[in-house]
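The values are calculated or read from the model by the stated rules, or taken from the named source; none is laboratory data. Not measured: the values here are computed from a predicted model. Here the Cβ positions follow ideal geometry from the backbone for every residue, glycine too, while neighbour counts run over all protein chains shown. The area values use the complete protein model at the heavy-atom level, side chains included, leaving out ligands, DNA and RNA. Shrake-Rupley method; radii C 1.70, N 1.55, O 1.52, S 1.80 Å.
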Amino acid sequence: ELKVEQNPLFLSMQEGKNYTIYCNYSTTSDRLYWYRQDPGKSLESLFVLLSNGAVKQEGRLMASLDTKARLSTLHITAAVHDLSATYFCAGRNYGGSQGNLIFGKGTKLSVKP
Amino acid sequence: DTGVSQDPRHKITKRGQNVTFRCDPISEHNRLYWYRQTLGQGPEFLTYFQNEAQLEKSRLLSDRFSAERPKGSFSTLEIQRTEQGDSAMYLCAIERRSSYEQYFGPGTRLTVT
């Protein structure tokens, strides 16, 4: 079964700095998802990456996918306080008809002034 | 707006009571999923529907849990004889075939005392 690992699990950044969150997955996954979750809230969809080499950007966030390395990254550029949240990556359970997502444990990002 | 509403948003119940949650997909979709999220973890898959057919259930879904989707419209998740370990956020998600994305509702937070 697909396993998804994120690191780091906690990340404290200063405003204006850049950093990358890593997401490794264990077996084939035909899609890779990134979500944002604010405390006490539900999950907000950020990106869906569908193919090797896919890169998507929205504001200060950029996600990429390397299916050969089974690795996705979420890069944060010039962090601002509003980006403080927990970020989850998820792969799609492949090899069946389920299509359910398997999530990592999440990266709790705190951006300090 | 993710196209999914859930009711209630919060539920406090005593151990041993039964509870029922409702998910209303507002927008077009091809699949409906239920996930459970406990504190500090990513969401875990419980079950999913395609139209009114329940096609898959996780091993997490014990005999005390049942989900229905009459006529392929709204869905309900019932937990019988609740236990303290059932305390969690219960999330409903829809998948849109056109975008491959899974959109989550606001969730129902269950507290079992």
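Once ligands and nucleic acids are excluded and a 1.4 Å probe is used, how much of A:His81 is accessible, expressed in Å² to the nearest 10? Number for this one is 110 Å².
With viscosity 1.567 mPa s and temperature 4 °C, the Kirkwood radius over alpha carbon pairs of segment B:12-86 converts through Stokes-Einstein to a diffusion coefficient of 98 µm²/s.
Here is the interface size for A with B: some 1700 Å² of accessible area buried, both sides summed, with a 1.4 Å probe. In the complete set of protein chains, residue-level accessible area for A:Thr67 is approximately 50 Å², probe 1.4 angstrom. From largest to smallest, the equivalent ellipsoid semi-axes obtained for the protein assembly as shown from the alpha-carbon gyration tensor read 30, 20, 15 Å. Over all orientations, chain A has a Cα convex hull whose mean projected area works out to 6.7 square nanometres.
Applying a DSSP loop filter and a limit of 15 other Cβ atoms within 10 Å to the trypsin sites (Lys or Arg not before Pro) in segment B:1-30 leaves B:Arg9, B:Lys14, B:Arg15. Restriction of the GluC sites (Glu not before Pro) in segment B:28-77 to DSSP coil positions whose beta-carbon has at most 15 other beta-carbons within 10 angstrom yields B:Glu28, B:Glu52.
Positive contributions from Lys and Arg (+1) and negative ones from Asp and Glu (-1), summed over other residues with Cβ under 9 Å from the Cβ of B:Glu83, come out at +2. Loop-located trypsin sites (Lys or Arg not before Pro) across segment A:1-61 with a Cβ neighbour count of 14 or fewer within 10 Å are A:Lys3, A:Lys17, A:Lys41, A:Arg60, with loop assigned by DSSP.
Per residue of peptide B:83-91, the mean number of Cβ atoms on other chains within 10 Å of the residue Cβ is 1. Averaged over peptide B:36-43, the number of partner chain Cβ atoms lying within 10 Å of each residue's Cβ comes to 5.
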